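Have a look at the structure below before the remarks.
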Amino acid sequence: MSTISLDLESLNPQQREAVEHPGGPLMIVAGAGSGKTRVITYRIARLIGEGCPPYRILAVTFTNKAAKEMRERIENLVGPNAKDIWMGTFHALCARILRMDGTAIGIDRNFVVYDDSEQLSLIKDLIKSRGFDDKAIQPRGVLSEISRAKEQMLTPEKYADRASSFFERTVAGIYKDYQRRLQNANSLDFDDLLFKAVRLLEESESVREKYQEKFLHVLVDEYQDVNFTQYRLADLLAGKNKNLTVVGDDDQSIYAWRGADVGLMMRFTLDHPKATLVTLDQNYRSTQNILSGAYSVVKHNRGRNDKKLWTSNDSGELIQIGETGTEHDEARLVVDRINHEIRTGRHTYGDFAILYRTNAQSRVIEEAFLTHQIPHILVGGQRFYDRKEIKDMIGYLRVVWNPADEVSLRRTINTPTRGIGPTAFQKAQAFADHHNITLYEAFTNPQFEQELQKKPLQGIRNYRKTIEDAREMLETGAVTPILKHVMQQSGYLDELRAERTEDAQNRLDNLQELINVTAQFDSDPNQDHNLGQFLETVALVSDIDSMKEDGDGVKLMTLHSSKGLEFPVVFLMGLEEGIFPHSRALGNDTELEEERRLCYVGMTRARKALYLTYARRRSQYGQANFNPRSRFIDDLPREIIDQMPGTTMETSMSVVSSAPRLEPLRSGGYAITEQPKATPSWDPPFRVGQKVNHRKFGIGIVVSCAPLKNDAEVTVAFPGAVGIKKMVQSLAKLEEI
DNA sequence: TACCAGACTATTTTT
DNA sequence: TAGTCTGGTA
């Protein structure tokens, strides 16, 4: 037994109960900032201290970053053997299991993982080859339908049995082909990782027993955001020893759009009637005012089980509300505020976080930060691994590792151009289908070569040589030499260098950065050194994973990315109807509730100070929009808010001074009496959130209004297939109802 | 086959 | 607004 001393005295009784829970199913309902991570790390440390070997513990986290941090914290408590704990995201866990034992259900060890864009390109191709117009059958829609099917563990056959509408029957056909193409390409998509892992455990008794025997304790964090396959997986893995600990907070469930289902938290207690339930409701993070503010936003949700967090912290500063003219003014307001705080010496740049609803909002903020020289770290947005040049090179590496990878082959074979256009491609596809071989095999088949013209033939030979030479380097295990070889011999580098533009130089820099990444991978003693492992790591990283820890900069990220983090000072920007809550959520109660929870998550990231800002006028898609301020602001009790100095007076809410104006008066969801006039010269014909009638589409809800010469452009959300429509009021003749 | 210009259109969150 | 797609031309 190791010598582990935990400071259990410092825990509150609930935390202590959770840490010391002996065994059996345990559900920890952990409010924001309630010391959840501490409880989990202590619990794991304690299990190890009591003799449970680290390799028999499985801890599932939401992001790789969370896993890494948790591992470090446990290492501080129990020492280096914390390395042996199985810790990671569901997807990483499944990939690991499938690589080891997937052969039992016919999965090749060397499979690659297809990401979103690769899935999409495959779907697009399938839609086209079936002769559908990809406007009538949208690739995105098909993909998310397939994804949903997989989350419910429906195979193509089962899905087809249930399909009733035209759309569903179409998807059923595509789904079937899609799976076949994935299989031929020796690839799995994100959902497959989960789905196949569950299938593996269900179908192979020996594999199931192996893992059930192995994992003495299973812990799942962020349980409110699991989907059905993940729920199944956790249950299966903990099936024998029943030591399953789940930790979640239903108020922080923000991934329903991705198939997560809070209802599974309830189901846990039904499936495990003997489960112990511990609620952590003391918040150690935020001030009383921040907590009250956040609570006053979520409490509007119906059907939540009401838990009100409490804190012994001071009430702290008031929540600051800032209204500005445009989004540029808004960014400037934040810049000024940050500079002010820095000057007074109260904070450093690293203390601030800027949170926004959509990535598109980051641009304006970043521009302001660049011009005013505020050091900052942008999380997300255009991901490094989503950049074209990076995807191209990763594509090459994937073909080297797995020549059957069809999507990567398509991506790379004519990049840089080698004279292999659609015609050559179609020929190869036909040849491959006819001889029942992969595309790569077709392209490299001597018989096929005879069908080609001189130029494409030369191109293919060069390509093949690049790949084959690289394949010979596989044995060494190092990734960097292969990458360098491929960059060079493919002609990719030469082409970029020849461009001599700033953009090309940027791309070259990014490629250099990629070399740094592989070099680091190659020298990491904790990694299995092979290309397949590298490709998997790359496929499963998220934005937040690559956020640099150090560096004293203001963090910029979406609300979703901020989950699980905390900052001394938080700015929540763009609090406008149609932005946050997002326009897609207006008029949909379920989605509005999720927006509310998202707001709750954002607000509770703040420890000391919280700013909520919005602009009266904002350019969206190149057009001026006048969105009223967010209903979430109107939810806040006026005694805990204050107006930021320097914000415009005439239309702003003049908080404390005009008490009666801030009644949470709602109809269509926000305080009507307060709405500032959009501009002095223009009156929108409808309120946002108002129900209107259209003679063809029926009843819909106004998403936004924008001025248009002597007219107005009105965006309306209609139910069902009609969706969101932009229309000119004088023509559409929308009627108020 | 490659490339360009202009049209078009879709706008969330991400493992 | 910006990214994608299409169609025409070299």
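The values are calculated or read from the model by the stated rules, or taken from the named source; none is laboratory data. All figures in this text were calculated on a predicted structure; none of them were measured in a lab. Quick reminder, even Gly has a Cβ in these numbers, built from the backbone with ideal geometry, and neighbours come from all protein chains shown. Areas reflect the complete protein model, heavy atoms only, side chains present, ligands, DNA and RNA absent. Shrake-Rupley method; radii C 1.70, N 1.55, O 1.52, S 1.80 Å.
Multiplying the sequence separation of A:Q488 and A:I699 by 0.36 nm and subtracting their Cα-Cα distance, what value in nm do you get?
Length gained, A:Q488 through A:I699: 70.0 nm.
Out of all DSSP beta bridges in chain A, what portion is antiparallel? Express it as a percent rounded to 5.
Taking every DSSP beta bridge within chain A, about 35 percent pair in antiparallel fashion.
Using only Cα atoms, figure out Rg for the stretch A:487-533 and give it as a multiple of 2.2 N^0.38 Å.
1.43
If the only charges are +1 at each Lys and Arg Cβ and -1 at each Asp and Glu Cβ, what is the size of the charge dipole of chain A around the Cα centre, to the nearest 20 debye?
1200 debye
Dipole size in debye (nearest 20) for the stretch A:377-481 around its Cα centre, Lys and Arg Cβ +1, Asp and Glu Cβ -1?
With Lys and Arg at +1 and Asp and Glu at -1, about 420 debye.
Take the Cβ-Cβ distance between A:N462 and A:I515 as r, set R0 to 22 Å, and report the resulting FRET efficiency rounded to the nearest 0.05.
0.50
Subtract the Cα-Cα distance of A:S523 and A:E168 from 0.36 nm times their separation in residues, and report this length gain in nm to one decimal.
Separation in residues times 0.36 nm, less the Cα-Cα distance, equals 122.9 nm.
For the stretch A:409-415, in order, what is each residue's ³J(HN,Hα) by Karplus, 6.51 cos²θ - 1.76 cosθ + 1.60 with θ = phi - 60°, in whole Hz (x at glycine and Pro)?
Computed from phi, the couplings for the stretch A:409-415 are 4, 4, 5, 9, 5, 10, 10 Hz.
Farthest toward the dipole's positive end in chain A, which of A:G293, A:F111, A:G459, given Cβ charges of +1 (Lys, Arg) and -1 (Asp, Glu) about the Cα centre?
Projecting each Cα onto the dipole axis, the largest value belongs to A:G459.
If R₀ is 35 angstrom, what is the calculated FRET efficiency for the pair A:S117 and A:T269, using the beta carbon separation as r and rounding to 0.05?
It comes out at approximately 0.35.
Would you mind calculating the gained length between A:Q623 and A:K299 on full extension (0.36 nm times residue separation, minus the Cα-Cα distance), in nm to one decimal?
113.2 nm
With the Cα gyration tensor of the stretch A:586-652 giving a ≥ b ≥ c as the square roots of its eigenvalues, does the rule (a/c under 1.5 for rounded; else a/b larger than b/c for prolate; else oblate) give rounded, prolate or oblate?
oblate
Which number comes out as Rg/Rh for the stretch A:437-489 once both Rg and the Kirkwood Rh are worked out on C-alpha atoms?
My calculation puts Rg/Rh at 1.06.
What list of ³J(HN,Hα) values in whole Hz, one per residue of the stretch A:599-615 in order, does the Karplus curve 6.51 cos²θ - 1.76 cosθ + 1.60 (θ = phi - 60°) give from phi, with Gly and Pro shown as x?
Working through the residues one at a time gives 5, 4, 4, x, 5, 7, 6, 7, 8, 9, 9, 9, 10, 10, 10, 7, 10 Hz.
What is the Cα radius of gyration of the stretch A:93-164 over 2.2 N^0.38 Å, N being its residue count?
Dividing the Cα Rg of the stretch A:93-164 by 2.2 N^0.38 Å gives 1.31.
If I take every Cα pair under 8 Å that is 6 or more residues apart in the stretch A:1-78, average their sequence separation and divide by the length, what percent do I get for the relative contact order?
Here the relative contact order equals 44 percent.
Of the options A:I437, A:T412, A:I390, report the single residue whose Cα projects farthest towards the positive end of the charge dipole of the stretch A:302-460 (beta-carbon charges: Lys, Arg +1; Asp, Glu -1).
A:I437
So how strong a dipole does the stretch A:128-236 carry about its Cα centre when Lys and Arg Cβ are +1 and Asp and Glu Cβ are -1, to the nearest 20 debye?
In total the dipole reaches around 520 debye.
Would you mind computing Rg(Cα) / (2.2 N^0.38 Å) for chain A, counting N as its residues?
1.02
So what's the gap between the Cα centers of the stretch A:398-474 and the stretch A:99-168, to the nearest angstrom?
Each part's Cα centre sits 25 Å from the other's.
Cα gyration tensor of the stretch A:336-475, axes a ≥ b ≥ c as square roots of the eigenvalues: rounded (a/c below 1.5), prolate (a/b > b/c) or oblate?
The shape class here is prolate.
Please report the relative contact order for chain A, taking Cα pairs under 8 Å with a sequence separation of at least 6, and give it as a percent rounded to a whole number.
Normalised by residue count, the contact order of chain A is 14 percent.
Roughly speaking, to the nearest percent, how much of chain A's 1.4 Å accessible area is carbon and sulfur?
Here it works out to 49 percent.
Enumerate the amide H contacts of A:L219 below 5 Å, restricted to partners 5 or more residues apart or on another chain; note that Pro and chain-start residues carry no placed amide H.
A:L58, A:A59, A:V60, A:T245
Å³ per residue of the Cα convex hull, for the stretch A:402-538?
Taking only Cα atoms, the stretch A:402-538 has a hull volume of 116 Å³ per residue.
Can you pull a Stokes-Einstein diffusion coefficient for the stretch A:270-363 at 25 °C (0.890 mPa s), Rh from Kirkwood over Cα pairs, as a whole number of µm²/s?
Roughly 144 µm²/s, to the nearest whole number.
Is the stretch A:36-171 rounded, prolate or oblate when judged by the Cα gyration tensor, a ≥ b ≥ c being the square roots of its eigenvalues, rounded requiring a/c under 1.5 and prolate requiring a/b larger than b/c?
prolate
For A:R109 and A:T348, what is the calculated FRET efficiency with R₀ set at 41 Å and r taken between the beta-carbons, to the nearest 0.05?
It comes out at approximately 0.30.
Skipping prolines and chain starts, which residues have an amide H placed within reach, meaning under 5 Å, of the one on A:S315, given they are 5 or more residues away or on another chain?
A:Q288
Whose amide H sits under 5 Å from the amide H of A:V554, counting only residues 5 or more places off or on another chain, with H placed in the peptide plane?
So A:V554 has HN proximity to A:H376, A:I377.
Using alpha carbons only, what's the Rg to Rh ratio of the stretch A:4-86 with Rh from Kirkwood?
0.93
Can you list the HN-Hα couplings for the stretch A:218-228, worked out from phi with the Karplus curve (6.51, -1.76, 1.60; θ = phi - 60°), rounded to whole Hz and with x for Gly and Pro?
Running phi through 6.51 cos²θ - 1.76 cosθ + 1.60 with θ = phi - 60° gives 10, 10, 10, 8, 6, 5, 5, 10, 8, 9, 4 Hz.
For chain A, what is the calculated [θ] at 222 nm in deg cm²/dmol (nearest 500), taking -39500 (n - 2.57) for each run of four or more DSSP H residues and dividing by its residue count?
Rounded to the nearest 500, it is -13000 deg cm²/dmol.
Given A:A67, A:L93, A:Y621, which one lies farthest toward the positive end of the charge dipole of chain A, if we put +1 on the Cβ of every Lys and Arg and -1 on the Cβ of every Asp and Glu?
A:Y621
Let me check against my output: what whole-number percent is the relative contact order of the stretch A:492-637, with C-alpha pairs under 8 Å and at least 6 apart?
The normalised contact order for the stretch A:492-637 reaches 21 percent.
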